Amino acid sequence: MADDSNKDRLYADARELVPDFVFDDRVARVFPDMINRSVPGYGTIINMIGTLAAQYVKDGSYCYDLGCSLGAASMAIHSAIEAVDVTLVGVDNSPAMLARAKANLVQCRSDPAIELICADIRDVTIQQASMVVLNFTLQFLPAEERTRILKKIHHGMLPDGLLVLSEKIVVANDTAQQLFTQMHHGFKKAQGYSDLEISQKRSALEDVLIPESLACHVERLKAVGFSTVEVWFQCFNFVSLLAIK
Ligand SMILES: Nc1ncnc2c1ncn2[C@@H]1O[C@H](C[S@+](CC[C@H]([NH3+])C(=O)[O-])CC(=O)[O-])[C@@H](O)[C@H]1O
Ligand SMILES: O=C(O)C(=O)Cc1ccccc1
């Protein structure tokens, strides 16, 4: 049985062999299970996105799910809204993820219309939006590009439009950061992941998922013009914010 120092070296060696995380077909096949077992509160956030959509999505407007993955947020919105003169747009730059989103969303009723676009969200036009969702997507963009995409989103939203921004965060206090990381890993272990799986996923995400502080997100949202910015959900180092234009 490896003692702790040997285990650390084993993990360190294992980490060096871990390729960067990519949203390929292998991930797409297991994604619902993966994200539900990795992000504490994910199911609650998805359900509440539907609740928020019922109040914010307006007739004659667009609703964008940016980084839609398999379309969980889009499906929650689609089933929650009564307005039919709405266009729901799901965007993801992973062909594997979007193919499964298409299979999921084809089961939805025809109104409101759903468009799925395989593109980088940085290249997509946002227009007449009463609601925009960035549910654990911005964290995968380079930090230096986040202001530009949020400015574009804000510009393309209608007055009183709602942005839902969910992100993994870091906290400035090292003790709190270590506590949140420990609690997150405890959540993953309780979900059945092994220490090695948790360590390898952490390494795979190291240069792919770039978390920022909550203060950074709030300041940036206000700087690009959102009048109201509030945290509506947090579980350990995972938060969701509401930002109103
Ligand atoms: N630049 C980009 N352009 C478009 N898509 C991107 C980009 N970068 C990453 N993606 C896509 O963003 C998604 C991130 S997952 C979002 C969960 C979903 N929102 C959900 O509510 O289930 C969150 C996670 O895996 O932690 C993946 O589908 C990527 O392909
Ligand atoms: O932050 C983590 O440790 C995760 O595992 C989040 C996550 C969930 C699903 C795909 C990629 C990252």
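The values are calculated or read from the model by the stated rules, or taken from the named source; none is laboratory data. This one's a predicted model, so the numbers in the text were calculated from it and none came from an experiment. Neighbour counts run over all protein chains shown; Cβ positions are idealised from the backbone, glycine included.
Listed values, structure above:
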| quantity | calculated |
| --- | --- |
| Matching entry among Thr181, Thr175 (being within 12 Å of ligand 2 (Cβ to nearest atom) and not small (Gly, Ala, Ser)) | Thr181 |
| Total residues in the stretch 221-236, condition touching a Leu at 6+ places or on another chain (Cβ under 6 Å) and either more than 19 Å from Thr44 (Cβ to Cβ) or part of a helix (DSSP H, G or I) (or both) | 2 |
| Residue selected from the stretch 24-35 under the condition within 10 Å of ligand 1 (Cβ to nearest atom) and assigned to a helix (DSSP H, G or I), by the criterion surrounded by the most Cβ atoms within 10 Å (Cβ to Cβ) | Ala28 |
| Residue within the stretch 57-77 that is assigned to a helix (DSSP H, G or I) and either without any contact (Cβ under 8 Å) to a residue 24 or more places away in the chain or more than 17 Å from the chain's Cα centre (by Cα) (or both) present | no |
| Matching option when the condition is within 29 Å of Tyr64 (Cβ to Cβ) and either modelled with pLDDT of 95 or more or in contact with a strand residue (DSSP E or B) (Cβ under 8 Å, 6 or more places away or on another chain) (or both), among Phe187, Phe136 | Phe136 |
| Test: residue in the stretch 142-156 that is closer than 27 Å to Arg29 by Cα, in contact (Cβ under 8 Å) with a residue 40 or more places away in the chain, within 15 Å of ligand 1 (Cβ to nearest atom) and surrounded by fewer than 18 Cβ atoms within 10 Å (Cβ to Cβ) | yes |
| Every pair of residues 6+ apart whose Cβ atoms lie under 8 Å, when the first sits in the stretch 23-35 and is in contact (Cβ under 8 Å) with a residue 40 or more places away in the chain and small (Gly, Ala, Ser) while the second is surrounded by 12 or more Cβ atoms within 10 Å (Cβ to Cβ) and not in a helix (DSSP H, G or I) | Ala28/Leu70; Ala28/Ser94 |
| Candidate set: the stretch 167-185, residues that are among the aliphatic types (A, V, I, L, M) and without any contact (Cβ under 8 Å) to a residue 12 or more places away in the chain; chosen: the one surrounded by the fewest Cβ atoms within 10 Å (Cβ to Cβ) | Ala176 |
| Test for Asp160: is it of a type outside the set (Lys, Arg), surrounded by fewer than 17 Cβ atoms within 10 Å (Cβ to Cβ) and on the phi > 0 side of the Ramachandran plot | yes |
| Neighbours by Cβ (under 9 Å, 6+ apart or cross-chain): first from the stretch 206-229, within 14 Å of His154 (Cβ to Cβ) and touching a residue at least 40 places away in the same chain (Cβ under 8 Å); second in a loop (DSSP other than H, G, I, E, B) and not polar (S, T, N, Q) | Gly225/Lys245; Phe226/Lys245 |
| Verdict on Leu134 being in contact with an Asp or Glu (Cβ under 9 Å, 6 or more places away or on another chain), part of a strand (DSSP E or B), closer than 18 Å to Val229 by Cβ and within 16 Å of ligand 2 (Cβ to nearest atom) | yes |
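Conditions tested, residue by residue: (1) at pLDDT 95 or above; (2) under 18 Å from Gly156 (Cα atoms); (3) crowded, with 18+ Cβ neighbours inside 10 Å.
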{"position": "Arg37", "(1), (2), (3)": "yes, no, no"}
{"position": "Cys63", "(1), (2), (3)": "yes, yes, yes"}
{"position": "Ala80", "(1), (2), (3)": "yes, no, no"}
{"position": "Ser94", "(1), (2), (3)": "yes, no, yes"}
{"position": "Val106", "(1), (2), (3)": "no, no, no"}
